[in-house]
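I have placed the structure first, in the form of structure tokens, so that the comments after it can refer back to it.
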Amino acid sequence: MINCLIVDDEPLAIEIIEGYINLTDGLQLSGKCSNAQMAFEALHINTIDLILLDIKMPEISGLDFIKSLKNPPAVIFTTAYSEYAADSYELEAVDYLLKPITYERFRKAIDKCLKLKTPTDAEEKHYTYFKVSGVLIKVFHADILFVQSIKDYLLIHTLTENFIVHMTMKYISELLPFLVFNRVHRSYLINNSHISSISKDYILILDNRIPIGESYRKPLADLKNTFR
């Protein structure tokens with residue numbers, strides 16, 4: 001799965017590219033930004049594999065934004081101006097799409113990206129940045145015990161401290177590696193590596209009893225078997 005970030009100051013352009021992403025297998029939209037500053041913050045919060053990036057934007061251009069990144073993700077430029085094509089290829093862009101962009105042309109660029117993308121286990125990030133009280137906090141996945149949903153917020157329980165973030169359970173479920181974390185209840189996401197025991201109704205993580213939701217019992221059957 002390729003996690004995509006759209007960066008464009010035109011709402012209609014964002015809407016079109018978002019629609020194309022939703023039509024394409026293997027792509028997942030992880031964020032939409034209207035300027036470079038928002039994109040910079042998104043890159044530190046989410047794992048982004050591909051940026052669909054406009055060039056002419058207020059304050060910081062798409063070209064300058066990519067130049068400012070130490071280890072930028074793959075990038076496909078989306079612009080109405082053909083004169084920047086040479087500059088984009090100097091930055092090793094996957095492709096350069098001229099607006100208005102057809103789905104056929106978009107798909108061709110994505111196919112090129114899929115051929116170039118060969119991820120390995122060594123490249124997988126083992127941490128995620130979360131915005132806590134306006135500050136980005138680096139949290140290692142191995143330190144997370146479980147995540148609890150409380151109204152419009154999430155409480156991330158770790159080995160050393162807890163963090164409150166404004167995020168949905170669905171979003172964090174997609175953000176964290178699915179082979180390590182399991183949704184066991186509409187209000188709980190757990191780290192499998194910290195499970196002490198599993199019963200019919202709850203999972204024990206250290207001294208914490210995590211309830212198992214009725215609709216999650218069947219998907220958890222295989223996991224439960226590993227603890228017998």
Leading residue by the ranking (nearest to C4 (Cα to Cα)) among those in region 35-67 that are of a type in the set (D, E, K, R) and without any contact (Cβ under 8 Å) to a residue 60 or more places away in the chain:
D54
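Could you say whether any residue in region 180-188 is among the aromatic types (F, W, Y), under 22 Å from E214 (Cβ atoms) and buried (at least 19 other Cβ atoms within 10 Å of the Cβ)? Even if it seems obvious, please write down each step before you answer.
We begin by selecting, within region 180-188, every residue among the aromatic types (F, W, Y); these are 181, 188.
Checking which are under 22 Å from E214 (Cβ atoms) leaves us with 181, 188.
From what is left, the residues that are buried (at least 19 other Cβ atoms within 10 Å of the Cβ) are 181, 188.
Among the residues of region 180-188, at least one is among the aromatic types (F, W, Y), under 22 Å from E214 (Cβ atoms) and buried (at least 19 other Cβ atoms within 10 Å of the Cβ), which makes the answer yes.
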Which residues, counting only those in region 124-148, are touching a residue at least 40 places away in the same chain (Cβ under 8 Å) and more than 14 Å from F178 (Cα to Cα)?
Y129, F130, K131, L136, L145, Q148
Would you confirm, using the coordinates I've provided, whether I101 is surrounded by 18 or more Cβ atoms within 10 Å (Cβ to Cβ), touching a residue at least 60 places away in the same chain (Cβ under 8 Å), farther than 26 Å from I137 by Cβ and aliphatic (A, V, I, L, M)?
yes
Filter region 192-206 down to residues that are assigned to a loop (DSSP other than H, G, I, E, B) and of a type in the set (A, V, I, L, M), then give me how many there are.
1
Take the residues of region 45-82 that are at pLDDT 90 or above and of a type in the set (D, E, K, R): which is nearest to the chain's Cα centre (by Cα)?
D49
Kindly provide the set of residues from region 1-18 that are under 20 Å from N46 (Cβ atoms) and surrounded by 19 or more Cβ atoms within 10 Å (Cβ to Cβ), ordered by number.
I2, C4, L5, I6, V7, D8, I14, I17
Looking at this structure, is V94 in contact with a Cys (Cβ under 7 Å, 6 or more places away or on another chain), touching a residue at least 12 places away in the same chain (Cβ under 8 Å) and either surrounded by 11 or more Cβ atoms within 10 Å (Cβ to Cβ) or not acidic (D, E) (or both)?
yes
Close pairs (7 angstrom Cβ cut-off, 6 or more residues apart or separate chains): more than 23 Å from M167 (Cβ to Cβ) in region 10-31, among the β-branched types (V, I, T) and surrounded by 20 or more Cβ atoms within 10 Å (Cβ to Cβ) anywhere:
A13/T78; I17/I6; I17/T78; T24/I110
Return yes when I76 is out of contact with any Ser or Thr (no Cβ under 8 Å at 6 or more places or on another chain), buried (at least 19 other Cβ atoms within 10 Å of the Cβ) and under 20 Å from S187 (Cα atoms) and no when it is not.
no
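Here's the yes/no breakdown for (1) closer than 14 Å to P73 by Cβ; (2) aromatic (F, W, Y); (3) touching a Ser or Thr at 6+ places or on another chain (Cβ under 7 Å):
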site: C4; (1), (2), (3): yes, no, yes
site: L12; (1), (2), (3): no, no, no
site: G19; (1), (2), (3): no, no, no
site: D25; (1), (2), (3): no, no, no
site: E41; (1), (2), (3): no, no, no
site: D49; (1), (2), (3): yes, no, no
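Of all residues in region 135-153, which are aliphatic (A, V, I, L, M) and within 19 Å of the chain's Cα centre (by Cα)?
Within region 135-153, V135, L136, I137, V139, A142, I144, V147 qualify.
Among the residues of region 1-52, which ones are of a type in the set (A, V, I, L, M) and assigned to a loop (DSSP other than H, G, I, E, B)? Reasoning before the result, please.
Quick first cut of region 1-52, residues of a type in the set (A, V, I, L, M) only: 1-2, 5-7, 12-14, 16-17, 21, 23, 27, 29, 36, 38-39, 42-43, 45, 48, 50-52.
Listed by number, the residues that qualify are M1, I48.
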Residue under question is Y84, and the condition is that it be loosely packed, with under 14 Cβ neighbours inside 10 Å and among the aromatic types (F, W, Y); does it hold?
no
Given the condition assigned by TED's automatic domain parsing to the domain that holds D8 and farther than 21 Å from M38 by Cα, answer yes or no: does some residue in region 71-81 qualify?
yes
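The values are calculated or read from the model by the stated rules, or taken from the named source; none is laboratory data. What you are looking at is a predicted structure, and each value in this text was computed from that prediction instead of being measured. Don't worry about glycine lacking a Cβ; one is built from the backbone with ideal geometry, like all the others, and counts go over all protein chains shown.
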